[in-house]
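To keep things clear, I will list the structure first and then write my remarks on it.
The values are calculated or read from the model by the stated rules, or taken from the named source; none is laboratory data. Fair warning: this is a prediction, and the values are worked out from it, not measured in the lab. Every residue, glycine among them, receives a Cβ derived from its backbone with ideal geometry; neighbour counts consider all protein chains shown. In case anyone asks, the SASA skips ligands and DNA or RNA and just uses the protein heavy atoms, side chains included. Shrake-Rupley method; radii C 1.70, N 1.55, O 1.52, S 1.80 Å.
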Amino acid sequence: MKKRTIYLILLSVVTIAAICFGTWVHLGYLGYPELTLTKGSFSLGFQSPGTTTIVKRPGSFDSVSLQLDHTDLELYRGDDYSVTYQGPEKACPDFKVTNGILTATQPSVKRLHLRTSDETVIITIPKDVTKLKEISLSSDNGDLTVEPDQSLTLNTLKLKSSNGDLELSNCQGKTITASTDNGDISAEKLLFSDSDLASSNGDLTVSLADSLKNYSISVTAESGDVTIGDNSYSLGDGDHSSIRVGDGQQKMSLRSDNGDIDVEEDR
């Protein structure tokens, strides 16, 4: 009798799990089952739900304020003001420009975090635009990429990701604040009057667009190697966890709880 009861309980659990699994697959949260053979071993995975590419031209703007979940955000130079979305069609945000600010609103439909589909939003700025007021990009789980060119000046650049890498190239302006809880920050040819870069779990790699002598650099690190120019520093050994290097007019603050910090000047 006891064995029969246990059997019925196990059968019920398996049945419920199968129903939930089938529902998730049907709704596209996990995608479609896919059996693959790799090096003699079979594995069960999921194909991402159908993705699409949607191009929007919301009009000109001088500021960007996007806060999206589970989305990679990228900004480049282009032929015109445009926003390109790549991902499931039903998950495409609503983009609009109000008072010169580009914003986005995600669909109100609740989506499970278990989905495997990738979502990317690509913003392009015309090549003849030389100044933007503020770029603010935030994603809970996504990489952030800002790669314009040195002819574009950003008054303020704000980047924040809970779980994702931050990649910058040819960015210059007045103030930059960039942070990620779990990810690396890589900046090439960076030039700002005031810079604040921080990662809780990740490396900071900075290549300056000018000379190190122009900077006053404050570094805080709990562990990892710190290299500023040709000099290496030992931090987080219990004696001290912060240093200050240089006395230039341009300020730079670098923080990493678990990761290496490397700053190089333009050569």
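So, Pro88, is that one in contact with a Ser or Thr (Cβ under 8 Å, 6 or more places away or on another chain) and either open to solvent by 20 Å² or more (accessible area, probe 1.4 Å) or not hydrophobic (A, V, I, L, M, F, W, C) (or both) or not? Walk me through it before giving the result.
Details: in contact with a Ser or Thr (Cβ under 8 Å, 6 or more places away or on another chain): yes; either open to solvent by 20 Å² or more (accessible area, probe 1.4 Å) or not hydrophobic (A, V, I, L, M, F, W, C) (or both): yes.
So Pro88 fits the description; yes.
Which condition breaks for Gly246 when tested against (1) touching a helix residue (DSSP H, G or I) at 6+ places or on another chain (Cβ under 9 Å); (2) on the phi < 0 side of the Ramachandran plot; (3) of a type outside the set (A, V, I, L, M, F, W, C)?
(2)
Go over the candidates Ala209, Ala198 one by one and state the one that is touching a residue at least 12 places away in the same chain (Cβ under 8 Å), in contact with a strand residue (DSSP E or B) (Cβ under 6 Å, 6 or more places away or on another chain), open to solvent by 20 Å² or more (accessible area, probe 1.4 Å) and over 30 Å from Pro58 (Cβ atoms).
Values: Ala198 fails: open to solvent by 20 Å² or more (accessible area, probe 1.4 Å).
Exactly one residue qualifies, and that residue is Ala209.
So, of the residues in the stretch 126-154 that are small (Gly, Ala, Ser) and out of contact with any Asp or Glu (no Cβ under 6 Å at 6 or more places or on another chain), which turns out to be surrounded by the most Cβ atoms within 10 Å (Cβ to Cβ)? Steps first, answer last, please.
Going through the stretch 126-154, the residues small (Gly, Ala, Ser) turn out to be 136, 138-139, 142, 151.
From what's left, out of contact with any Asp or Glu (no Cβ under 6 Å at 6 or more places or on another chain): 136, 138-139, 151.
On the way: Ser136: 17, Ser138: 19, Ser139: 24, Ser151: 13.
Of everything passing the filter in the stretch 126-154, Ser139 is surrounded by the most Cβ atoms within 10 Å (Cβ to Cβ).
So in the stretch 149-202, with the set limited to residues that are in a strand (DSSP E or B) and of a type in the set (Asp, Glu), which one is nearest to the chain's Cα centre (by Cα)? Even if it seems obvious, please write down each step before you answer.
First pass over the stretch 149-202, keeping only residues in a strand (DSSP E or B): 153-163, 166-169, 172-182, 185-201.
With the extra rule that they be of a type in the set (Asp, Glu), the set shrinks to 167, 181, 188, 194, 196.
Working: Glu167: 8, Asp181: 10, Glu188: 16, Asp194: 21, Asp196: 16 Å.
Only one residue tops the list, namely Glu167.
Restricting attention to the stretch 115-135, which residues are farther than 24 Å from Pro88 by Cα and either in a strand (DSSP E or B) or out of contact with any strand residue (DSSP E or B) (no Cβ under 6 Å at 6 or more places or on another chain) (or both)? First the steps, then the outcome.
If we filter the stretch 115-135 for residues that are farther than 24 Å from Pro88 by Cα, which is where we start, we get 125-135.
Selection gives Ile125, Pro126, Asp128, Val129, Thr130, Lys131, Leu132, Lys133, Glu134, Ile135.
Of the conditions (1) more than 24 Å from Thr103 (Cβ to Cβ); (2) surrounded by 21 or more Cβ atoms within 10 Å (Cβ to Cβ), Leu157 satisfies every one except a single condition; which number is it?
(1)
In this structure, is Ser216 touching a residue at least 24 places away in the same chain (Cβ under 8 Å) and in a strand (DSSP E or B)?
Values: touching a residue at least 24 places away in the same chain (Cβ under 8 Å): yes; in a strand (DSSP E or B): yes.
So Ser216 fits the description; yes.
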